[in-house]
1. Pop a pseudo-label 7 angstrom from the Cα along the beta-carbon direction at both residue 303 and residue 56 and give the gap in nm to one decimal.
2. Using amide H atoms built in the peptide plane, which far-off residues or other-chain residues are under 5 Å from residue 101 H to H?
3. What does a probe at residue 229 reach in the stretch 42-64, counting residues whose amide N is under 20 Å from the point 7 Å along Cα→Cβ?
4. Counting only the heavy atoms of the protein chains, how much of residue 143 is accessible to a 1.4 Å probe, in Å² to the nearest 10?
5. Rounded to the nearest 500, what is the 222 nm mean residue ellipticity of the chain from helices alone, with -39500 (n - 2.57) per DSSP H run of 4+ residues and division by all residues?
6. Leaving out ligands, DNA and RNA, and with a 1.4 Å probe, what % of the accessible surface on the stretch 224-308 is carbon or sulfur?
7. Which pairs in the list 90/305; 49/227; 90/310; 86/227; 310/367 are over 25 Å apart, alpha-carbon to alpha-carbon?
8. For 42, 160, write out the residues from largest to smallest accessible area, computed with a 1.4 angstrom probe and no ligands counted.
Amino acid sequence: MAPKGDNVVVSNMKLERMLSMKGGKGEGSYADNSQAQAQHARSMLHLLKETLDGVHLSSMDVPFVVVDLGCSCGSNTIYIVDVIIKHIIKRFEALAVDPPEFTAFFSDLPGNDFNTLFQLLPPLASYGSSMEECLAADNHRSYFAAGVPGSFYRRLFPARSIDVFHSAFSLHWLSQVPESVVDARSTAYNRGRVFIHGANEAAAAAYRKQFQTDLAGFLQARAQELKRSGSMFLVCLGRTSLDPTDQGGAGLLFGTHFQDAWDDLVQEGLISNEKRDSFNIPVYAPSLQDFKEVVEADGSFSINKLEVFKGGSPLVVNQPDDAAEVGRVLANSCRSVSGVLVDAHIGDRLGDELFSRVERRATNHAKDLLEKLQFFHIVASLSLA
């Protein structure tokens, strides 16, 4: 019999209460393993600013409210909110209008490490300072800040209260693993796999349907919360293939060495086949058509821009020729986004065993990973129809 992990395995708990990027700081944390996301976000700033230029400004709307959905717990969200607010301030100044006060809401699931995020927030500029003084004050923020825990697939804010919604690298996370995918009686049972990549057609269809349902819920909630004058900028993992079982970069991340590491644990008798098969990564990288179909079917939003953007590699390494570093970075990157779910399923000790095998396998294929592991993103700029 396969031994149990050190932890009591979480069962029958909603994914919403469990899912989060790995908190705190350290080798496996999201805060220390999100450099690739930062680079990809910076490469898309021109698209974000195009969206911000479409926001209708009014000095009567006080405060101006910005929301980052799926903010996680690193510094990337703080950087993006700062970019958004500074760009809007410049637009007000170009109109010779005094900028209003700003509020930023950082939102993620309840398990998110908001403590680490808030520790990274720079202090608020002195009360009573002018906006010009706020901007001139180094290492100070020019906005009020608050955290909002909850699923963005439901309502989070009062009606018509938000000027700008931003969400990056989050909408590919599903609200749940489709039940049929882990049901051994179903044709969609993802036998032998922990991700959709390379799965059967029925499993892929179940994942796609879950993505469609989730995105529709997201759009319906935002349609009520966004001001008529506002805009929304969304980025999520995407794929260039029409085949949903080919998940592109996400497939290489979760469907190769990560998959093989689970198989190692089974073959070594550390977990059972059933234990592996009852774990699936709740991620779906949509095609452009997948995304467009949901937006158009919902009808709440007009599409200002919708494109596939090549983000690049998720591996940020100092020494590309150092296979050990590549392996370590791949394992830490994988653990920073999936480690909480893995540990909940098999316990911390077996989680360590799993990711050590991911690292070893990635080290042995370092050159191939650097050449082939590339992320594509769906980028959408939307406003109310």
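The values are calculated or read from the model by the stated rules, or taken from the named source; none is laboratory data. For clarity, every value in this text was computed on a predicted model and none was experimentally measured. Methodologically, a virtual Cβ is constructed for each residue, glycine included, from the backbone with ideal geometry; neighbour enumeration extends over all protein chains shown. For the accessible areas, the whole protein counts, side chains as well, though only heavy atoms, and no ligand, DNA or RNA atoms are used. Shrake-Rupley method; radii C 1.70, N 1.55, O 1.52, S 1.80 Å.
1. Going by the 7 Å Cα→Cβ label model, 2.4 nm.
2. Excluding prolines and chain starts, which carry no amide H, the hits are 64.
3. What the label zone holds, given the 20 Å backbone N cut-off, is 49-64.
4. Rounded to the nearest 10, the figure is 0 Å².
5. -13000 deg cm²/dmol
6. 46 percent
7. Exceeds cut-off: 90/310.
8. 42, 160
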